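Q: Submitted below is the structure of interest, expressed as structure tokens.
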Amino acid sequence: MEYVFVVKRPAVAHLFQEQGLFRVDREQLEAALHEGFFVERPHAEKDSSFKQIIPYVVIRRGADVFLFKRLKGGGEARLHNLYSVGVGGHINPSEVESAEKGYGFITEGGRRELLEEVGYLGDAPLEPLGLLNDDTNEVGSVHLGVVLLLDLPLGADLISTEEKVLEGSFVPMKKVHEMVADCTFESWSEIVLAAPWVKALWSE
């Protein structure tokens, strides 16, 4: 049985509204995450009184962002064929045994996802961009994203290591914003792309 890291909704509800990316105070986030615990995933997927905490890493390389397309080989059927600018996943007990409970769980989980999905082994810092919530759909109502930025130097390259699950490559952020009007993106990516302080990162 798979177990996932969750917090009770009341413990974090003051940090976000129904939908959006919200700047969050690190101390507040730490306090909320220290209230977390592990529950059986099938139960967590059906109970919106819990929020499953998901590290969601956006990868920047100069003017480019790493763009994913989620394929039918992925485990989450509700996200198949959608574009995404984030790599993320659940936090499981065995993956965070050496991490400090709280924010350490998030960065450890984010690095594990980077390794699994794009083969990234580096130690560049993961910088927090905000707390992502979307209670307007079934998937979002039981998940809460902690959005992190991985900033890579020009010339760095990544490829999807899960070919049956994800396609991915670096794409100019300007083109990605143009694609949003014509292609289907997962709601979390649409929210991240619309955030003014995220847009500003690619205009520096």
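Q: Which condition number does ASN81 fail, the rest of (1) in contact with a His (Cβ under 6 Å, 6 or more places away or on another chain); (2) closer than 18 Å to PHE185 by Cα being met?
A: The number of the failed condition is (1).
Q: Being surrounded by fewer than 17 Cβ atoms within 10 Å (Cβ to Cβ) and either aliphatic (A, V, I, L, M) or over 29 Å from PRO42 (Cβ atoms) (or both) is the requirement here; does ALA200 meet it?
A: yes
Q: Moving on to the next point. Would you call GLU117 under 16 Å from GLY88 (Cα atoms), of a type in the set (D, E, K, R) and touching a Gly at 6+ places or on another chain (Cβ under 9 Å)?
A: The answer is yes for GLU117.
Q: Residue under question is ARG23, and the condition is that it be surrounded by fewer than 20 Cβ atoms within 10 Å (Cβ to Cβ), touching a Leu at 6+ places or on another chain (Cβ under 7 Å) and either closer than 14 Å to SER141 by Cβ or among the charged types (D, E, K, R) (or both); does it hold?
A: In short, no.
Okay, residues lined up against (1) crowded, with 20+ Cβ neighbours inside 10 Å; (2) farther than 25 Å from PRO125 by Cα:
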residue: MET1; (1), (2): no, yes
residue: GLU30; (1), (2): no, no
residue: HIS43; (1), (2): no, yes
residue: PRO55; (1), (2): yes, no
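Q: Considering only the range 104-157, how many residues are surrounded by fewer than 16 Cβ atoms within 10 Å (Cβ to Cβ), acidic (Asp, Glu) and either in contact (Cβ under 8 Å) with a residue 60 or more places away in the chain or touching a Phe, Trp or Tyr at 6+ places or on another chain (Cβ under 6 Å) (or both)?
A: 2
No value in this document is a laboratory result; all are computed from the given coordinates. In this text, all values refer to a predicted model and were calculated from it rather than measured experimentally. Backbone-built Cβ (ideal geometry, glycine too); neighbour counts: all protein chains shown.
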